[in-house]
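Structure first, commentary second.
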Amino acid sequence: MLDPIPVSAANMSAAAPEDVAALARTYGRAVFRAAWRVLGSRAAAEDVQQQVFLRLIEDPPADVRSWPAFLTTAATRVAIDHIRRQRRWALLAPLWKAEEAEDSPDQDAERAEAGRILRKALARMNARDASCLVLRHVHGLSPAEIAVTLGISENNVSVIAHRARKALEVLHAKEQNR
């Protein structure tokens, strides 16, 4: 097992980048392995690894008893958040992401039609619900950021986004059947 390195929260706040660099050298592989176990993708695990150490620089923890436990737990949580973001995008992302050059004209036409149907379904929704849904799932804003933008509570944002997504699925299915 890796020996803990003496890094206190007080030391981190004074010289965070150096201490985080030491943590990254010591525990980077453990963080990567924890993320890889969840994601099964080298590239995604590397992204998670980088994000964990960037978060340490931005917001050092107050008191850490075991750096290996803290960092692997953080990696696991960030990896799970990564999976959740992918699931949220499952409905909307193919319609707004840049098209790959390898697509055939038929695929381009199908995506264009799917995008038209989705935009039509969004237009039939309540404006606040559609805004909340698009800000959350397309632009990736957090519920707190959306709450400030729309002037509603953070909890209300989560409820509206969930209900709007379900309503969008129904409207999208109806539009496809027309």
task = Give the range 72-95 a look and list any residue that's modelled with pLDDT under 80, touching a helix residue (DSSP H, G or I) at 6+ places or on another chain (Cβ under 6 Å) and not charged (D, E, K, R), or say none.
result = 92, 95
inquiry  = What pairs come out if I take residues in the range 127-148 that are without any contact (Cβ under 8 Å) to a residue 60 or more places away in the chain and pair them with residues that are open to solvent by 30 Å² or more (accessible area, probe 1.4 Å) and acidic (Asp, Glu) whose C-beta lies under 6 Å away, six or more apart or interchain?
reply    = 143/154; 144/154; 147/154
ask   = Which one is surrounded by the most Cβ atoms within 10 Å (Cβ to Cβ) among residues in the range 115-154 that are among the polar types (S, T, N, Q) and under 19 Å from residue 169 (Cβ atoms)?
value = 131
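The values are calculated or read from the model by the stated rules, or taken from the named source; none is laboratory data. As the structure is a computational prediction, the values presented were derived from the model and not from experiment. Ideal geometry is used to build each Cβ from the backbone, glycine not excepted, and the neighbour counts take in all protein chains shown. Keep in mind that these areas ignore ligands, DNA and RNA; they rest on the heavy atoms of the full protein, side chains included. Shrake-Rupley method; radii C 1.70, N 1.55, O 1.52, S 1.80 Å.
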